[in-house]
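The values are calculated or read from the model by the stated rules, or taken from the named source; none is laboratory data. Everything numeric here is computed off the predicted structure, so don't read it as measured data. A quick note on method: Cβ atoms are made from the backbone with ideal geometry, for glycine too, and the neighbour counts reach across all protein chains shown. Ligands, DNA and RNA are stripped out before the accessible areas are found, and what is left, the full protein with its side chains, is counted by its heavy atoms. Shrake-Rupley method; radii C 1.70, N 1.55, O 1.52, S 1.80 Å.
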Amino acid sequence: MLLHGNQYRHDYRHCYWAGNTEPTLPLSQTKPQVLKSDPGADCRSTCSAKGMVCHEDFFSDANTCQAMQRSFGCKSCSTKSHAAAPAQQQSSGTCLLNDHKRHFDCEGAAEGYIRLCICVLTGDVYAVGDRHS
């Protein structure tokens, strides 16, 4: 994901990544899994604990009240720009959706929130561009 100009947030978002020695699948062929984080934990560590990698490109699909209801049984949903979204606030049972449809962060975390994480197998992660074909 580009932040601005030609500055990347993560260096593995380039078309070539030296650490990946296996062919990668197009995003349309990956099998993302939805996991809940521990309270206050980020998705990068949540996915890593299961031998997977967080994939930000799938967060927009989970950033709906219906998807959050299926995973958390939310009492209500609210929308705002928040690094931990999509997530559920533990104390109120309210699900938090990200109001910025393109800005999702695997490393975002907040005390008192349980993240909804989208994880894929490591070999599936570094595919470029085939999401909507």
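Summing Lys and Arg as +1 and Asp and Glu as -1 over all other residues whose Cβ lies under 15 Å from the Cβ of Gln89 gives a net charge of +2.
Percent antiparallel among DSSP beta bridges with both residues in segment 39-123, to the nearest 5?
Values: 8 of 13 bridges.
Taking every DSSP beta bridge within segment 39-123, about 60 percent pair in antiparallel fashion.
Our Cα-only numbers for segment 39-123 put the radius of gyration and Dmax at 11.7, 37 Å. Averaged per residue, segment 39-123 has 46 square angstrom of accessible surface, using a 1.4 angstrom probe with ligands and nucleic acids left out.
At the residue level, Asp105 shows approximately 30 square angstrom of accessible surface with a 1.4 angstrom probe and all protein chains present.
In this calculation the C-beta distance from Glu111 to Ser71 is compared with R0 = 22 Å, giving a FRET efficiency of 0.65.
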